[in-house]
Structures are given as structure tokens and as C-alpha cells.
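Q: Got a structure for you, written out below as C-alpha cells; questions coming shortly.
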Amino acid sequence: MTAEAATAEPAAPAVRRGLPRLDRWGLLVLPLVGFLLAVLVWPLTAVLLRSFTDPEPGVENYLAFFHSPVYLDVLVNTFVTAGLVTLVTLLLGFPYSYLMTLASPFWRGVLMLAVLVPFWTSLLVRTFAWVLILRDTGVVNELLPGPPVPLLRNLPGVLIGMVQVMLPFAVLPMYAAMRGIDRRLLQAAEGLGARPAFAFWRIYAPLAVPGVAASALLVFVSSLGFYVTPALLGGPKNIMIGELIVQQLSGVLRWGFASALAVILLVVTGGLLMLMSRLVDLRRLLGGAR
Amino acid sequence: MSDGGSVDVRGVVKRYRDTLALDDVTLHVPGGEFVTLLGASGSGKSTLLGVIAGFTEPTSGSVAVDGRDITKVPPYRRGLGMVFQHYALFPHMTVWDNVAFPLRRRRVRGDELRTRVEQALEVVGLGALAKRLPAQLSGGQQQRVALARAIVFRPRVLLMDEPLSALDKRLREQLQLEMKRLHRELGITFVFVTHDQEEALTMSDRIALLRDGRIVQAGTPEELYERPSSRYTAEFLGESNLFPGRDAGTVLVVRPEHLGVLPQGESLPQDHEAYDCDVREVVYLGSGLRVEVELRSGQRVVARTAARGPHVPKPGDSAIVHWHPETSVVVSDDE
Ligand SMILES: Nc1ncnc2c1ncn2[C@@H]1O[C@H](COP(=O)(O)OP(=O)(O)O)[C@@H](O)[C@H]1O
Ligand SMILES: [Mg+2]
């Protein structure tokens, strides 16, 4: 085949870049902008202001946080727990999502339902159910031989409870991404000499990365804000920052300090996301334009 | 100088839950030939190709390449090249890495890897696009990359499942020629699947016509066109006119180019068979005329005649349609 032959047909057009042009339809986003201003920007501003003004103007609230190792421990514990939850959720969610792409429509429905049903149950009810299941005289320890394994008031308890809550958030984006992967590519790879496991690793897995990363992000950021589950299933060492904020708000009424905690959580999370976006293209993970 | 492997399919049956996709298929593909599996959609072409490639496990029967039974060999050890209608390029790899993929699986490295990838891209005329991603190529270019990827590891057999069906007509015709040239240059066996009879006739050394999971007839394009064994073959390939046969269960096939149309009253050439008819439509094709006539029975018959001559038929003429018996073929009526 000659070079002329190859260039005779035009190449696919380049992807259009830049902002979409605004026209009258653009006005339709105004209600959403208003809503965001009312429920997000304004309260956030209020929280930010309060953290610097309550009980008196200054940076007292922030100094208090950084002076006590207890509070720093809580912050570190929050991120470590969220990281572990993300890891375990992905390890469980990835094969589960993959299985969903292979299953027949009927079994796919069953698997989907199994993920979603807990999703529709009250968080409080689910968490108390875990207490009943995991306590020393609970179902799990009844079935296990020997002395009861401590599964409550510790990290495993928190992980079990949080992973179950986060599983749908991991499975849904991953399944969506995997469904879009052409399985015939695996066949092509095998035809070209790749063993099935190699084909999966080199062809399928890279194509699933955006879905996995989107899931990881969603699970990690959501996990940072948990407080009911760690409060009920965790022990004194497993306090997360959300729990601390509630304590300060409704327990000791230190609204300014609670606001400062919220701001710190926000800033550290934002910083981490920025760091991540330098490593990977976040917009691509979230399905934005290429 | 045949570098092509022979392929032998013996008694292959493939049953899906309620369909018999292949019903006892036996096919011999001599090394180095260009063989086309032709058939309507759903006739089992892809299933047969999948059985040869190893993607589809036959319910019974065997497949051999160069006499070696490979029925139980997984696809990644068969070493056959494969091109799909949907290209199946790896979207996250550049053109270069796509083509290098089968070589890397075979532990080809360094200079040899580079030379062979470049050669393969040269052969399909895409050397300049090596750094692109598949999404940045047109359909025709993507299929060329797929072709390069399928031949770069020098398979002895290349399997192609409707590789040109997704392309527009002009590009398809161009690639048909390029594939013929590639077949000549490489000397390897091509097993090509298409539903397009014209494509099959122009490209193949041999055609196997499939219908409902069975091979109806296999032979050279000429054999299938000139000496169809059944009405199905005659009607599938090219245009044909059917007349009642002498024996029950048979029909007489006459190709349009073998029919003549004379005005009523003209004397027939010796020994010719003929029917009275009325001329209904005359279309000028440049190379000749396409004349559609209606027999007394109401049947429509198509003839191709010269555009010049003493008797150019016009619509409405009373005429005689005639042919030499040797140009007609008696076939079984399998409709
Ligand atoms: N995986 C499958 N499961 C069930 N039936 C199938 C499957 N693959 C093919 N078939 C059936 O087998 C027949 C032949 O299919 P195929 O080989 O794809 O035909 P072609 O390629 O000639 O269009 C069709 O009736 C098709 O519906
Ligand atoms: Mg097919």
C-alpha cells in the first residue's frame, strides 16, 4: 500500500477544545448557580468567618488545634481510615463490578440489587445491625469457634461498617467504566499471542483505570466525612474528625472551634486532591472533556 | 514458494442453545490460497472463522493447520493472524505499540522489533502515523493498522472477518486491491469472510458458500458462477434467470449475458432455445444494455446485450428471448 493511498482519506477530525459558546440556553444553569450559592457558598463562607471570629476575632481556634496532639491524631486517623476504607472497597468492588459485566442480564440485575438494597436502608439501622452482628455474642462470634474475636469498638469494626456503606459508590462508577470496554479486544489480544491473564492485565486493566480512579476518589472523599459509623462501631482510638466536629458543636458548644475543624478538613482534602491532580488527569477521571 | 499453511476443517458442528450455527462443515484450504467464506448474515461465517482461530470451541469435529490437529490448542498458541470488522485496535496504545504487541509477546526486542514494526507499517503505507492513537485515525487507516498488526509476526494463515464491511465503497474497493497485492507478496493463506458476493468473486481463488451452517458449494469463482450446483448458489452470485427444468426438482439457470433479444419474426440462431416476450425496460449501461422482458407466463427475465447492432430493443416491442443450451445450467431447486 502506497503512502498516497494512506493519505488520500482525511484523518478523523481533531477533538474540539475550549469552552462551549454561551447562548440563551446557558441561562438555564442560573437556578443551579443560585442553589449552589444558597446551600454551599454562603454556609461555607459563614463557617470560614466563624472560625476566625468565634468566640473572639483571631486565629485562636487554629492554634488550639495545632497545640494539642489529640486533635492532630484525629485528623491523621481520619485520613488513614478513609485510605483503608478506599483500599478495601476497591479490592472488593473491582471483581464485583467485573463479574457484573460478565453476568447474564438476570444475574446482573441481582448483583446490582444486592449492592443497592443496603443503599436504600437507613444508615443508622444498618450500623446498629452491624453492632448486633459483630458484638462478642453476635452472629459472627457465635459461628466462630474459640473465644470471641473483638470486632466492635476497634478499627476492623469501623472498616466493615464503612466499606459496606461505600461499596455502591465504588461499584457503580467502576461498572459503568467497565461496561464501556470492548471485551473483543481481549479476544484480539489472545489471537496475537497473549495469554488471557496477560491480555487482562495489559488491555483490560488499563482501560478500567479511569473508572477505578473515579471510584477511589469518590469513596475516599466521602469517607472523610463519616461520623455515625465510626462513632457506633469504633472505639476511643477510632474517632474521626466528623465525630469531633459534632462533639464540639452539640456537646461543648465550641462553634468557632468546630468551624475551624471543618475548614482544616476542607483545606487538607483540597490540598490532597490538588496533589493527585498533578499526578493524574483528574478531569479525565471524572469523565470530563479530553 | 508457498509460505502459507493449509487449513483443514473436518466435520465441524457448533450448536448454541437453540441454533445450529455450523452443521457438519468440512473444508480444505490449500496453503497460500485466498479462500473466501461467503454467505448471508447468520449463515455461520463468523462462527466458522472463530472455530479456526480458536475463539469458538466446536461442539464436535476438528481443525488442523498443516496437518497438525489444533482443535484443543488455545488461540494464543495457534499463531494465526486475525483481522476483525471492528478493527479491535487497543485504544490506549499508539499505532506503533499496537503493531509491536504480537512481536513483544514473541520476545522480539531491540533493533529487530523496530525494523519489523516499521516494515509492517511501510507495507500498509502508514509509516508516518506510528505515534498516533487509534482514535486519531480514519476507519480505513485503522483497518490498515489492524492488518499490519496481523501480519507483522509472519503468520502462515491470515483470518479476516468482514474486514472491509465498515468502510465506504470507494475505500473498500481500494483496500480490496491492496489486500490482493498483499496476498501475492506475502504468499500466506488468506481466509476471508464476506457477505458481499461481488467482493468474493473479485478477490478469491476459491469461495465456500455457506447457508444455514452448511457449505452449499465450494470452488473457484468461475465454477460457482458458471456451474452453480443449486438454485441458491445461482441466485446468490450475480444475476440469474430461472426457467422450469425438464425434470421435477430442477431449474434451468441462464445468466443475463448469455441471453439474446430478437424482434418477433427474426430467425433464431441454430439450436437456440427461446420464449416469446414483450420488452418492458431498456437501460443503457455504457458497456451495453440491460433489457428486462416479460414472458407470456408473466415471468420477468433480464438480458444484457450490445448497445449497438441491427436490432436494438425498445420498451413495448414484441420480441423473442433466446440462448444457446450450452450456456444454461440445470441445477437442483433448493428453494
Ligand atoms: N454466541 C452465540 N450464542 C448463540 N447463538 C449464536 C452465537 N454466535 C452466533 N450465534 C448464532 O449462530 C448463527 C451463525 O452466526 P454467525 O456465525 O455470526 O453468522 P455470520 O457471521 O455468517 O453472520 C446465527 O444464527 C447466530 O445467531
Ligand atoms: Mg459475522
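Q: For region B:1-26, name all the residues that are out of contact with any Ser or Thr (no Cβ under 8 Å at 6 or more places or on another chain) and closer than 15 Å to B:Arg211 by Cα.
A: B:Thr19, B:Leu20, B:Asp23, B:Asp24, B:Val25, B:Thr26
Residue by residue, here is whether (1) at the interface with another protein chain (Cβ under 9 Å from one of its Cβ atoms); (2) closer than 28 Å to B:Met203 by Cβ holds:
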site: B:Phe55; (1), (2): yes, yes
site: B:Lys72; (1), (2): no, no
site: B:Pro75; (1), (2): yes, yes
site: B:Leu89; (1), (2): yes, yes
site: B:Phe101; (1), (2): yes, yes
site: B:Gln119; (1), (2): no, yes
site: B:Leu133; (1), (2): no, no
site: B:Ala148; (1), (2): no, yes
site: B:Pro163; (1), (2): no, yes
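Q: Quick one: would you say B:Val216 is within 16 Å of ligand 1 (Cβ to nearest atom), buried (at least 22 other Cβ atoms within 10 Å of the Cβ) and more than 30 Å from B:Arg107 (Cβ to Cβ)?
A: Spelling it out, it is not the case that B:Val216 is within 16 Å of ligand 1 (Cβ to nearest atom), buried (at least 22 other Cβ atoms within 10 Å of the Cβ) and more than 30 Å from B:Arg107 (Cβ to Cβ).
Q: Return the residues of region B:260-287 that are charged (D, E, K, R) and in contact (Cβ under 8 Å) with a residue 40 or more places away in the chain; say none if nothing qualifies.
A: B:Glu266, B:Asp271, B:Glu273, B:Asp276, B:Asp278
Q: In addition: Go through A:Ala194, A:Ala216 for me and flag whichever is hydrophobic (A, V, I, L, M, F, W, C), buried (at least 20 other Cβ atoms within 10 Å of the Cβ) and within 19 Å of B:Pro134 (Cβ to Cβ).
A: So the residue among A:Ala194, A:Ala216 that is hydrophobic (A, V, I, L, M, F, W, C), buried (at least 20 other Cβ atoms within 10 Å of the Cβ) and within 19 Å of B:Pro134 (Cβ to Cβ) is A:Ala194.
Q: Take the residues in region B:12-53 that are within 10 Å of ligand 1 (Cβ to nearest atom) and farther than 25 Å from B:Pro221 by Cβ, then tell me which one is nearest to the other protein chains (Cβ to nearest Cβ).
A: B:Arg17
Q: I want to confirm something. Restricting to region A:102-160 and keeping residues that are of a type in the set (Lys, Arg) and out of contact with any Leu (no Cβ under 6 Å at 6 or more places or on another chain), which single residue is least open to solvent (accessible area, probe 1.4 Å)?
A: A:Arg126
Q: Additional query: Among B:Glu223, B:Glu239, B:Glu257, which is the only one that is at pLDDT 95 or above and within 25 Å of the chain's Cα centre (by Cα)?
A: Testing whether each residue is at pLDDT 95 or above and within 25 Å of the chain's Cα centre (by Cα) leaves just B:Glu223.
Q: Out of region B:43-84, which residues are assigned to a loop (DSSP other than H, G, I, E, B) and within 16 Å of ligand 2 (Cβ to nearest atom)?
A: B:Ser43, B:Gly44, B:Phe55, B:Thr56, B:Phe84
Q: Mind checking which helices (runs of 4 or more DSSP H) fall wholly inside region A:95-194 and carry at least 2 residues that are in contact (Cβ under 8 Å) with a residue 40 or more places away in the chain and more than 14 Å from chain B (Cβ to nearest Cβ)?
A: Counting at least 2 such residues, we get A:105-119, A:123-134, A:155-179.
Q: Taking region B:204-222, which residues are touching a residue at least 40 places away in the same chain (Cβ under 8 Å) and not in a strand (DSSP E or B)?
A: Those that are touching a residue at least 40 places away in the same chain (Cβ under 8 Å) and not in a strand (DSSP E or B): B:Ser204, B:Asp205, B:Asp212, B:Gly213.
Q: Give region B:130-144 a look and list any residue that's in contact with a Lys or Arg (Cβ under 9 Å, 6 or more places away or on another chain) and aliphatic (A, V, I, L, M), or say none.
A: Answer for region B:130-144, where residues must be in contact with a Lys or Arg (Cβ under 9 Å, 6 or more places away or on another chain) and aliphatic (A, V, I, L, M): just B:Leu137.
Q: Another question about this same structure. Among the numbered criteria (1) more than 16 Å from ligand 2 (Cβ to nearest atom); (2) within 11 Å of chain A (Cβ to nearest Cβ); (3) touching a residue at least 60 places away in the same chain (Cβ under 8 Å), which one does B:Leu159 miss?
A: (1)
Q: What's the number of the condition B:Ser43 fails, among (1) open to solvent by less than 30 Å² (accessible area, probe 1.4 Å); (2) within 15 Å of B:Gly67 (Cα to Cα)?
A: Failed condition: (2).
Q: Here is a follow-up. Since B:Gly110 meets every condition but one in (1) within 13 Å of chain A (Cβ to nearest Cβ); (2) open to solvent by 20 Å² or more (accessible area, probe 1.4 Å); (3) not hydroxyl-bearing (Ser, Thr, Tyr), which condition does it not meet?
A: Answer for B:Gly110: the failing condition is (1).
The values are calculated or read from the model by the stated rules, or taken from the named source; none is laboratory data. These numbers come from a predicted model, not from an experiment. With ideal geometry, Cβ positions are generated from the backbone for all residues, glycine too; neighbour counts draw on all protein chains shown. In case anyone asks, the SASA skips ligands and DNA or RNA and just uses the protein heavy atoms, side chains included. Shrake-Rupley method; radii C 1.70, N 1.55, O 1.52, S 1.80 Å.
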